[in-house]
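A.B. asks: Structure incoming, see below.
The values are calculated or read from the model by the stated rules, or taken from the named source; none is laboratory data. The structure presented is a predicted model; accordingly, all values stated were derived computationally and were not measured. Reconstructed Cβ throughout: ideal geometry from the backbone, glycine too, with neighbour counts over all protein chains shown.
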Amino acid sequence: MRYFILLLSLLLTSLLGGCSAYAGANQQATVQFKPTGAEGFHVEGHNEPMPYDREANAANDINQALAAAKVENKKAILVFGANWCHDSRALAAHFEKPKFQTLIQNNYKLTYIDVGQKNRNIDLAQKFGVESIIGSPTVFITNSDGKVLNAKTAPSWRNAASREEDAVWDYFLSYAK
């Protein structure tokens, strides 16, 4: 029964556009999902990272990333996502793989920004050219001055969990130095 609920919730999330659906839909499946705090539920058995810190000073984190990018002659990856979102966690899981870590360490400063239920730090995302967070994650790649290099595709990452590793790799490699 719990696998049926999991499959049904994943299907509904997929049909609704990845993590563009409100996380509250997952709360009905209390057998399969365990609380991760006030922001939602984590699927048991999925060991994806949960790097989105609701207590972080996101504006300060972004400023530090951009300053470090400038000093180190790198670009910045700013990931606006949430721990309740499987697509946000799936992208973070890619970034933890050794191959991606090397790419990121050599070319980028990576920062995760928590968007809550798409109601937190939206003012920061707006500074990078989106009116609202439609789906998560929303991923901005900027130069060291904060100019967005991937404006057209930044909101397209709400299907990150279903993207092939090679496609994710190629995307971030294409923006590297």
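A.B. asks: Among the residues in segment 72-95, are any in the same structural domain as residue 140 (by TED's automatic domain parsing), out of contact with any Lys or Arg (no Cβ under 7 Å at 6 or more places or on another chain), aliphatic (A, V, I, L, M) and more than 23 Å from residue 153 (Cβ to Cβ)?
C.D. replies: Scanning segment 72-95 turns up no residue that is in the same structural domain as residue 140 (by TED's automatic domain parsing), out of contact with any Lys or Arg (no Cβ under 7 Å at 6 or more places or on another chain), aliphatic (A, V, I, L, M) and more than 23 Å from residue 153 (Cβ to Cβ).
A.B. asks: Mind checking which pairs have a first residue in segment 113-132 that is under 16 Å from residue 77 (Cβ atoms) and a second that is basic (Lys, Arg), Cβ under 8 Å, 6 or more apart or different chains?
C.D. replies: Here the result reads 114/54; 114/120, each pair linking segment 113-132 to a residue that is basic (Lys, Arg).
A.B. asks: Let me ask you something else. Out of segment 117-151, which residues are of a type in the set (Gly, Ala, Ser) and crowded, with 16+ Cβ neighbours inside 10 Å?
C.D. replies: Residues satisfying the conditions are 125, 135, 136, 144, 146.
A.B. asks: Condition first: charged (D, E, K, R) and loosely packed, with under 13 Cβ neighbours inside 10 Å. Now tell me which residues in segment 52-71 satisfy that.
C.D. replies: Hit for segment 52-71 is 55, nothing else.
A.B. asks: On to the next question. Can you tell me which condition residue 87 does not meet? The list is (1) in contact with a strand residue (DSSP E or B) (Cβ under 8 Å, 6 or more places away or on another chain); (2) within 18 Å of residue 56 (Cβ to Cβ); (3) acidic (Asp, Glu), and all the others hold.
C.D. replies: Status for residue 87: all satisfied but (2).
A.B. asks: Okay, moving on. Condition test on residue 90, is it surrounded by 22 or more Cβ atoms within 10 Å (Cβ to Cβ), at pLDDT 95 or above and either more than 11 Å from the chain's Cα centre (by Cα) or not in a loop (DSSP other than H, G, I, E, B) (or both)?
C.D. replies: When the stated conditions are applied, residue 90 passes them.
A.B. asks: Please verify whether residue 129 is more than 16 Å from the chain's Cα centre (by Cα) and either assigned by TED's automatic domain parsing to the domain that holds residue 92 or in a loop (DSSP other than H, G, I, E, B) (or both), treating the condition exactly as stated.
C.D. replies: It is true that residue 129 is more than 16 Å from the chain's Cα centre (by Cα) and either assigned by TED's automatic domain parsing to the domain that holds residue 92 or in a loop (DSSP other than H, G, I, E, B) (or both).
Rundown of residues vs (1) in contact with a Gly (Cβ under 7 Å, 6 or more places away or on another chain); (2) of a type in the set (Ser, Thr, Tyr), yes/no style:
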| position | (1), (2) |
| --- | --- |
| 56 | no, no |
| 64 | no, no |
| 67 | no, no |
| 81 | no, no |
| 88 | yes, yes |
| 94 | no, no |
| 108 | no, yes |
| 120 | no, no |
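A.B. asks: Among the residues of segment 152-177, how many are surrounded by 18 or more Cβ atoms within 10 Å (Cβ to Cβ) and more than 15 Å from the chain's Cα centre (by Cα)?
C.D. replies: 0
A.B. asks: Just checking, does segment 140-147 include any residue being over 19 Å from residue 66 (Cα atoms) and among the hydrophobic types (A, V, I, L, M, F, W, C)?
C.D. replies: No, segment 140-147 has no match at all.
A.B. asks: Picking from 81, 135, 116, which residue would you name as being out of contact with any strand residue (DSSP E or B) (no Cβ under 6 Å at 6 or more places or on another chain), at pLDDT below 95 and closer than 18 Å to residue 48 by Cα?
C.D. replies: Unique residue meeting the criteria: 116.
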